[in-house]
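Each remark here refers to the structure printed beneath this line.
Laboratory data are not the source of any read-out in this text; all were calculated from the coordinates shown. Given the structure is predicted, the values throughout are model-derived calculations rather than measurements. Note that each Cβ is placed from the backbone with ideal geometry, even for glycine, and that neighbours are counted across all protein chains shown.
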Amino acid sequence: MSYLRRLQLLVENAWFSYSVILLLQFKVVWAVFGYRDIAHGDTSYYFVEAFGWFRHLSNNFAWSPLYTAFYGTLLYLSPDAYFVTMLHRIIIVFVLTMMILALMRRLLPNEIALLVAAWWTVLLNNFSVMYEVHLFAMIPIVAALLLILHKSSPWTRGGAVGIVLGSSILLRNEFVVATVILAAICIGWEIREAKKTECQPASPLRAYLMGYGAPLVCVGLLSAFFYARSHGTLPALLASFKGKHTHNICQVYAFGYQQRHPEWTKNPWVECSDLMTEQFGNPTISLFEAIRKNPGAMVEHFLWNTGLTLNGVQVALFNATSGAVNPDLRRVILNSSVSLVLSIVAGGTLFVGLFLLYRERQHWWARWLQERALGWLAMLSVVAVSLVIIPIERPRPEYMYGLTIFLMAAIGMSVFVIAHRWPGANHLSGLISVVIVLTMLVFPTHYALDYYVAHAEVRGRPLLQVYRRLTPFQDIIARADTVVLVRRYNRDLCNYMGYGLCKGFDYAILAERPARLPLDAFLSERGITLFYVDEHLLSSLQVDPLARNFLAAPDSVGWKRIAFQDGGDSRWMLFQMVTPNAHH
């Protein structure tokens, strides 16, 4: 047996494929605990709901309860927010990566499936996500695709519809688009199968009712359980759904508006309501209300987002874009010539492959596609979700995982079709194992100092630093009457440490202090009860004559210093108010 044949058998072996992708994923995310900051933004708000699940098995039905239940369950392992947040991220990444390999092995030849899975594994947006909920939401979707490809029966088709429906209720509401399309596809498939079969089963109606009914009943029961444990029920739940929707519209519109109009310099995340009032006359407005009140502004918004689609697809597939405008919410590599070349190669491969596939459609249908056709159609139902989201939200890779998976599979299929016309390709498939091993050796560990620092938007781990410093005082922070002042991430700190109970400000408000007003008086006016002074602020306060007394003798103005550290670069203090309005 030749060496190439032995390598080919190795690539076709499932154990080898899963092991090598697992090792590659380990290589990519190695040392993540050493460099990655605790997630801020939406993840910290989901942590509050996760903690509610941990303590009371409660949830907010409007905010992805299945995800927060998974997140909260991990708190049984440790109460540490950083450890649990990182652990749940790693679990999601590894589980979905293995499922992507399984999906590709159902759709493509094993050797090409291995290449596509390795491609997925090294893409930044598939492991270094901004918000983990989007990646988690793809796990049941890929599970539905695997189920529908497992066997042709009403049970697998009904189960897939049930899983996608459950995802649209308990994870991401936009999956209702995929639910409707997939249900229509499956109904059409059942009609087609019934016409093909001359001898009907003894009880076909019962098989259909059980195949589709049982999964729907399970989804209904699971949804009812989460609804019963929700701390918001009808009619208050409708207000929660509306608030979630209007807040999202506010932020995504403001972010795109700022790209189009850089002269608008406010923060699109916390000051978007001002822009919505200016553009639509209402700070909290739904999508359809915005279209009705200012159709021109919304058409401009839709066209802008749609025009960024190619940029978004490039970032999703190649970690960079050849375009000059960022399609994401975080920094990406722009004007990339490498991305342009890869896009041309991928696009050309896809075009040639689809052309050959169409020209030889009878051959490929009989040889390969017939038993996988429903899986491809099911994938298109998920792609439809991305096509709806792109103009409304923007073409962020995290928003269009369904489109990314489909394109990668379609490119893989095109490679298969093209290679089929090359007789020597079968003998070279064994070299794929060598390519994967070389990828493992040369691809950089993302969370290594030289690589991560070069790609990180924020140097260091500022949120984790303040989280670790203030952990001994969590009992104080986790109170409804606590108002904390920190450099930044005040909302995240109150979520991770205060479970959403406390309130907070960042240092930006200190710029509002009148020149002659003592620091303690200003803090009292703003209702601040806990003041964290980091290295940078401490240096400036020490030269402020109206703040020196506060630092030197806080007891004299109704405060006390409850923590202090002076260790070179690590110089910080924590003050707590004990007597409100003592300065009077």
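If you take the charge dipole of segment 134-197 about its Cα centre, with +1 on Lys and Arg Cβ and -1 on Asp and Glu Cβ, which of V177, I141, W189 is farthest toward its positive end?
So the residue furthest toward the plus end is W189.
Short version: what are the Cα gyration tensor semi-axes of the chain, square root of 5 times each eigenvalue, largest first, in whole Å?
49, 28, 24
Pairs of alpha-carbon atoms within less than 8 angstrom and 6+ residues apart define the contacts here; what relative contact order does segment 314-416 have, in percent?
So the answer I get is 31 percent.
When a/c is below 1.5 the answer is rounded, else prolate if a/b is larger than b/c, else oblate, so apply that to segment 205-363 with a ≥ b ≥ c taken from the square roots of the Cα gyration tensor eigenvalues. Intermediate results must be reported in sequence, preceding the final value.
Details: a/c = 2.36, a/b = 1.04, b/c = 2.27.
It comes out oblate by the Cα gyration axes.
Which of rounded, prolate or oblate describes segment 302-405 when judged by the alpha-carbon gyration tensor and an a/c cut-off of 1.5?
Verdict is oblate for segment 302-405.
Normalised by the number of residues in the chain, what is the relative contact order in percent for Cα pairs under 8 Å and 6+ residues apart?
So the answer I get is 17 percent.
Using a 10 Å cut-off on Cβ atoms, rank the peptides 314-327, 181-194, 505-518 from the highest mean neighbour count down.
Going from most to least packed, we get 314-327, 181-194, 505-518.
How large is Rg/Rh for segment 11-56, to two decimals, with Cα atoms and a Kirkwood Rh?
Rg divided by Rh gives 1.25.
Give, as a single signed number, the net charge of other residues whose beta carbon lies under 15 Å from the beta carbon of V417, with Lys and Arg counted +1 and Asp and Glu -1. Walk me through the numbers on the way to the answer.
Numbers: positive: R359, R361, R367, R372, R421; negative: E111, E360.
Surrounding charge for V417 is +3.
How big is the charge dipole of segment 466-558 about its Cα centre, in debye rounded to the nearest 20, if each Lys and Arg gets +1 on its Cβ and each Asp and Glu gets -1 on its Cβ?
160 debye
For a protection proxy built on the mean count of beta-carbon atoms within 10 angstrom, sort 520-526, 99-105 highest first, please. All intermediate terms of the calculation are to be shown ahead of the outcome.
Values: 520-526: 19.7, 99-105: 22.3.
So the peptides 520-526, 99-105, ranked by packing, come out 99-105, 520-526.
Taking the Cα centre of the chain as the origin and placing charges on Cβ (Lys, Arg +1; Asp, Glu -1), which of S539, S168, A31 is farthest toward the positive end of the dipole?
It is S168.
Please work out the ratio of the alpha-carbon Rg of segment 1-93 to 2.2 N^0.38 Å and round it to two decimals. Could the numbers behind the result be given before it?
Values: Rg = 19.0 Å, N = 93, 2.2 N^0.38 = 12.3 Å.
Computed over Cα atoms of segment 1-93, the ratio equals 1.54.
Within 12 Å, Cβ to Cβ, of A378, how many net charges do the neighbouring residues add up to if Lys/Arg are +1 and Asp/Glu are -1?
+3
Treating only the Cβ atoms of Lys and Arg (+1) and Asp and Glu (-1) as charged, compute the dipole magnitude of segment 178-263 about its Cα centre; round to the nearest 20 debye.
100 debye
Counting alpha carbon pairs within less than 8 Å and at least 6 residues apart, what relative contact order, in whole percent, applies to segment 2-99?
25 percent
Would you work out which of I333, L574, G558 lies farthest towards the positive end of the dipole of the chain, given +1 charges on the beta-carbon of Lys and Arg and -1 on that of Asp and Glu, about the Cα centre?
It is I333, whose Cα lies furthest towards the positive end.
Within a Cβ distance under 11 Å of E512, other residues only, what is the Lys/Arg minus Asp/Glu net charge?
Every neighbour counted, the sum reads +1.
Can you tally the lysine pairs in the chain where the Cα-Cα distance is under 27 Å and the two residues are eight or more apart, or on different chains?
11
Rounded to the nearest 20 debye, what is the charge dipole size of the chain about its Cα centre when +1 sits on each Lys and Arg Cβ and -1 on each Asp and Glu Cβ?
Computed charge dipole of the chain: roughly 1220 debye.
Quick one: Debye curve from the C-alpha atoms of segment 346-418, no solvent, what's log10 I(q)/I(0) at q = 0.22, 0.23 Å⁻¹?
-0.99, -1.03
Could you run the Debye sum over the Cα atoms of segment 58-192, one equal point scatterer each and no solvent, and tell me log10 of I(q)/I(0) at q = 0.12, 0.16, 0.20 Å⁻¹, two decimals?
Calculated log10 I(q)/I(0) at the listed q: -0.55, -0.93, -1.23.
Which order do peptides 551-557, 15-21 fall in by mean Cβ count within 10 Å, highest first?
Numbers: 551-557: 14.6, 15-21: 17.6.
So the order, starting with the most tightly packed, is 15-21, 551-557.
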